Amino acid sequence: MIMASLRPPFVVGLTGGIGSGKTAATDLFKQRGIDIVDADEVARDVVALGSEGLSKITERFGPTILLEDGSLNRAALREKVFANSEEKNWLNGLLHPLIRTRMQQLIGESSSPYCILSVPLLVENKLTEMCNYVVVVDCPETMQLERALKRDGSSAETIKSIMASQASREERIKAADKVLDNSTTLSALEDQVSKLHEMLLKHSAK
C-alpha cells in the first residue's frame, strides 16, 4: 500500500491593503490548481447557522442579534461593537481562535503542491507565523482608494478609515518575501503570478 506523504503543507500567505487586488491574484493561483484558504470565507463559516461562534454571540447579545432566519445580523453586530472596545475585544477573543483553528484544518486538508492562505490582515494579526512564504499584492494608496470606491460604493471617508486601520504599505512590503505589483494591468499581474507559481512549485517540492 502506498502511504500518503506526511510532509506538512507549504503555506503561502497572501495579503494586501483594501483595493490592492488580493482577490484577482488569488483567482489566478486558483486557476493554476492551487488550493485557497480564504480568511473572509472562514470568518463567515465560524458564525454560520448552527456554529459554536453564533451560539456564543447570541448568548452574549441576545436574540436581537439574529435575522428572522436565525442567521447573524452582521450590521447589528457591527453596531454593538463599533464604539465599544470591551465588546469588540470580547468578539475578537471569541472569533480569532475559531478562525485560526479552522484555517489550520483547511490547510491540513490541502492537496495541491502548496496552498494559498489569503488573509486581509495577515501582517496585522501576526498570521505570517503560519506561513512558509509571504506574498503582498501592492499598488499606490491613491489607486487603492480609487479601486475600492468603484468596487464597494462606500464613501471616501469610510475607505480611508479602513486603510488607516490596516498595516501601512511599508509595513506590508517589509513583511513580504515577494511583492506583486498590481499598479498596471491584469495581464501584467498574471505574468508575475505565473513566474511566482513556477518558483513556488520548486520551493514546495524541496
For this session: Output the number of residues of region 57-72 satisfying the condition of being surrounded by fewer than 16 Cβ atoms within 10 Å (Cβ to Cβ) and farther than 17 Å from residue 90 by Cα.
Result: 7
Exercise. Of the residues that make up region 112-125, is at least one at positive phi and surrounded by fewer than 15 Cβ atoms within 10 Å (Cβ to Cβ)?
Worked result: no
For this session: Could you check residue 90 against (1) closer than 23 Å to residue 19 by Cα; (2) at pLDDT 95 or above and say which number it fails?
Result: (1)
Exercise. If you check 181, 177, 191, 152, which single one turns out to be assigned by TED's automatic domain parsing to the domain that holds residue 17, touching an Asp or Glu at 6+ places or on another chain (Cβ under 7 Å) and either closer than 21 Å to residue 30 by Cβ or acidic (Asp, Glu) (or both)?
Worked result: 181
Problem set entry | Matching residues, region 185-206, being hydroxyl-bearing (Ser, Thr, Tyr) and not in a helix (DSSP H, G or I) | 185
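The values are calculated or read from the model by the stated rules, or taken from the named source; none is laboratory data. Computed from a predicted model, the values in this text were never measured in an experiment. Every residue, glycine as well, gets a Cβ built from its backbone with ideal geometry; the counts of neighbours run over all protein chains shown.
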